[in-house]
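Student: For reference, the structure I am asking about is given below.
What follows draws every value from the coordinates through simple rules; no lab data is involved. Keep in mind the model is a prediction, meaning the values are calculated, not measured. Quick reminder, even Gly has a Cβ in these numbers, built from the backbone with ideal geometry, and neighbours come from all protein chains shown.
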C-alpha cells in the first residue's frame with residue numbers, strides 16, 4: 001500500500017463530521033423556532049427537542065466516522081496499522097502535553113516555581 005497521510009485524513013474526517021453536525025443542528029433549530037413561533041411548541045419543548053435532535057445527529061456522525069476509520073484500517077497491512085497506531089499515539093501525547101497549563105491566581109507557570 002502506498003504512503004498515507006494520517007493527519008490529513010483525520011483532519012478531513014473531523015471537519016466533515018463537524019460540518020454535518022453544525023448543519024444538522026442549525027436546520028433543526030430553524031424548524032424548532034418555526035414551530036415555537038406558530039405556537040405548536042412551547043419554548044421549553046423546543047429547546048428539549050433541539051437538544052435531542054442535535055444529540056442524535058452527533059451519534060450518527062460518530063457512527064459514520066467509526067465505520068470510515070474501520071474501513072481504512074481493514075484496507076491496511078498489519079505493519080501499516082501499527083505505524084498508524086503509533087502516529088495517532090504520538091499525536092495524542094502531543095495534544096495532551098499542550099493542554100497541561102498551570103494558572104494559580106494569575107501566576108504564570110514560571111512565576112509559580
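Student: How would you classify the stretch 6-99 from its alpha-carbon gyration tensor, with a ≥ b ≥ c the square roots of the eigenvalues: rounded for a/c under 1.5, else prolate if a/b is greater than b/c, otherwise oblate? The partial results should precede the final answer.
Tutor: On the way: a/c = 4.00, a/b = 2.64, b/c = 1.52.
Cα axes put the stretch 6-99 in the prolate bin.
Student: For the residue pair residue 26 and residue 45, what label-to-label distance in nm results when each label sits 7 Å from Cα along the Cα-to-beta-carbon direction?
Tutor: 2.8
Student: Which value in nm describes the separation of the simple spin-label points at residue 34 and residue 66, placed 7 Å from the Cα toward the beta carbon?
Tutor: 3.2
Student: Let me ask something additional. So if each residue of separation counts as 0.36 nm, and I subtract the Cα-Cα distance between residue 86 and residue 18, what length gain in nm does that give? Provide the component values of the computation, followed by the final result.
Tutor: Numbers: separation 68, 0.36 × 68 = 24.48 nm, distance 2.50 nm.
Full extension of this stretch gives 22.0 nm more.
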